[in-house]
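What follows is one structure encoded as structure tokens, with my remarks underneath.
The values are calculated or read from the model by the stated rules, or taken from the named source; none is laboratory data. These numbers come from a predicted model, not from an experiment. Cβ sites come from the backbone with ideal geometry, for glycine too, and all protein chains shown count toward neighbours. Note: areas computed on protein heavy atoms with side chains; ligands, DNA, RNA excluded. Shrake-Rupley method; radii C 1.70, N 1.55, O 1.52, S 1.80 Å.
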Amino acid sequence: MKKIIIIFLLLIGIISFSININTGISVLTDKKSNVALNFGFNSKTFDFAFDMYPDFTTQVKLTTITDISVLISKINNNINVEGGIIWFNDNPTGTKERSLPFIYAGFKYEESLFFGKLYFGYPLQENVSLDLADYLILKAGVTIPKPQNFIDDIKIEFRFTKDRKDFSIYISTPVR
């Protein structure tokens, strides 16, 4: 299923004229903090982010977080309505592994060097809870201003979701 989604998004990226490829690291806050590989691509209409951390302690386990969002509607130059899915394959509490797809929709506010996203969603495989924090995703990011003749952007991003508070730093390279 994940392979089909990734291939579909790659085709969309190739069709669009301007995409950025993102590579860097993420600090994942599980029971212990782990440094993961961060990969993704984005354009004005969609974002794809993938964090991966292999754990070789007792048995080989792979912690992944896949986040796909698309533009639904543009309210004005700074505010968009977006929707997407975030898929957690992790062990955030240290008690049991989870594979949790989480479908969401919400608002993205974007200035020249800052963006903020507030999404409200629904976990597809867990029991319904009355805690509102179980249904919220908050993201914030900053682009560090680049030197004059440098084509890549350095970006810092924070993601706050159920059982996670993650931090990413990556380089965004334009492909034209």
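Only a single item in (1) among the polar types (S, T, N, Q); (2) open to solvent by 40 Å² or more (accessible area, probe 1.4 Å); (3) closer than 22 Å to Ile72 by Cα is not met by Thr173, and it is number (3).
Only one of the numbered conditions (1) in contact with a Ser or Thr (Cβ under 6 Å, 6 or more places away or on another chain); (2) open to solvent by less than 30 Å² (accessible area, probe 1.4 Å); (3) modelled with pLDDT of 90 or more is violated by Val81, and that is (2).
Against the conditions (1) of a type in the set (Val, Ile, Thr); (2) open to solvent by 80 Å² or more (accessible area, probe 1.4 Å); (3) at pLDDT 95 or above, Ile151 satisfies every one except (3). Do we find that Asp163 is of a type in the set (Asp, Glu), open to solvent by 30 Å² or more (accessible area, probe 1.4 Å) and over 21 Å from Ile21 (Cβ atoms) in this structure? Judged against the criteria, Asp163 is a match. Here the range 88-109 is the region considered, the condition is being β-branched (Val, Ile, Thr) and surrounded by 10 or more Cβ atoms within 10 Å (Cβ to Cβ), and the residue that is farthest from Phe120 (Cα to Cα) is Thr93.
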